[in-house]
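The values are calculated or read from the model by the stated rules, or taken from the named source; none is laboratory data. All values derive from a computational prediction rather than experimental measurement. Virtual Cβ from ideal backbone geometry, glycine too; neighbours counted across all protein chains shown. Keep in mind that these areas ignore ligands, DNA and RNA; they rest on the heavy atoms of the full protein, side chains included. Shrake-Rupley method; radii C 1.70, N 1.55, O 1.52, S 1.80 Å.
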Amino acid sequence: MVEPRIELLKDKKLIGYKLKMSLTNNKTVQLWGQMAPKIKDIKNRVSTDKISMQIYDASYYKSFNPNNEFEKWATVEVCNFNNTPKDMETFNLSGGKYAVFDYKGSSADNSIFQYIFMSWLSNSEYQLDNRPHFEVLGEKYKNNDPNSEEEIWIPIK
């Protein structure tokens, strides 16, 4: 499997939608279905990248259960929150240290996450930090396509 690069993330301003969900009650398609047609309404974007972000309770990975809920966001990064569309929410993503995995493959294949959490993390010098996890979906991202590319950002300390 792939080795990550370690990066120090600067603060980011994000705009988008959020939903509570679990792995067994996954609403990602619904969330991005709401977001996709509205992206063009967001002013002040810093790039064309989309950011899929997850916020977990501190105990989420300590007592992992696929039925445990977390908050998932469909967002884009902006330089400021001026002109935020009325029905969207804002989020200040605080900077910090992240392990960044360059992943190529289908977003439906979760083996990369099994590798990260069951193998890489336990064999690294790092521990999981209680901050948001996210994926950067750039120009080479193609949903459920084996040739899709994305960056997976895992918070570490």
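Taking the numbered list (1) open to solvent by 80 Å² or more (accessible area, probe 1.4 Å); (2) part of a loop (DSSP other than H, G, I, E, B) in turn, S59 passes all entries but (1).
Scanning region 29-43 for residues that are open to solvent by less than 50 Å² (accessible area, probe 1.4 Å) and touching a residue at least 12 places away in the same chain (Cβ under 8 Å) gives L31, W32, M35, I39, I42.
With respect to the conditions (1) open to solvent by 60 Å² or more (accessible area, probe 1.4 Å); (2) at pLDDT below 95; (3) over 16 Å from the mean Cα position of the chain (by Cα), K157 falls short on a single one, namely (2). Applying the condition of being without any contact (Cβ under 8 Å) to a residue 40 or more places away in the chain and of a type in the set (A, V, I, L, M, F, W, C) to region 117-154 and asking which residue is surrounded by the fewest Cβ atoms within 10 Å (Cβ to Cβ) yields M118. Taking region 116-146 as the range and being of a type in the set (D, E, K, R), within 15 Å of the chain's Cα centre (by Cα) and closer than 19 Å to K104 by Cβ as the test, only E135 passes.
Of all residues in region 1-19, those that are surrounded by fewer than 11 Cβ atoms within 10 Å (Cβ to Cβ) and either touching an Asp or Glu at 6+ places or on another chain (Cβ under 6 Å) or assigned to a loop (DSSP other than H, G, I, E, B) (or both) total 3.
Residue count for region 24-44 satisfying the condition of being in a helix (DSSP H, G or I), under 24 Å from C79 (Cβ atoms) and polar (S, T, N, Q): 1. Restricting E125, E135 to residues that are modelled with pLDDT of 95 or more, among the acidic types (D, E) and outside any loop (DSSP other than H, G, I, E, B) narrows the list to E135.
For the condition surrounded by fewer than 14 Cβ atoms within 10 Å (Cβ to Cβ), under 15 Å from the mean Cα position of the chain (by Cα), at pLDDT 95 or above and under 19 Å from I152 (Cα atoms), what is the one hit in N26, N110, N92? Walk me through it before giving the result.
Numbers: N26 fails: at pLDDT 95 or above; N110 fails: at pLDDT 95 or above.
So the residue among N26, N110, N92 that is surrounded by fewer than 14 Cβ atoms within 10 Å (Cβ to Cβ), under 15 Å from the mean Cα position of the chain (by Cα), at pLDDT 95 or above and under 19 Å from I152 (Cα atoms) is N92.
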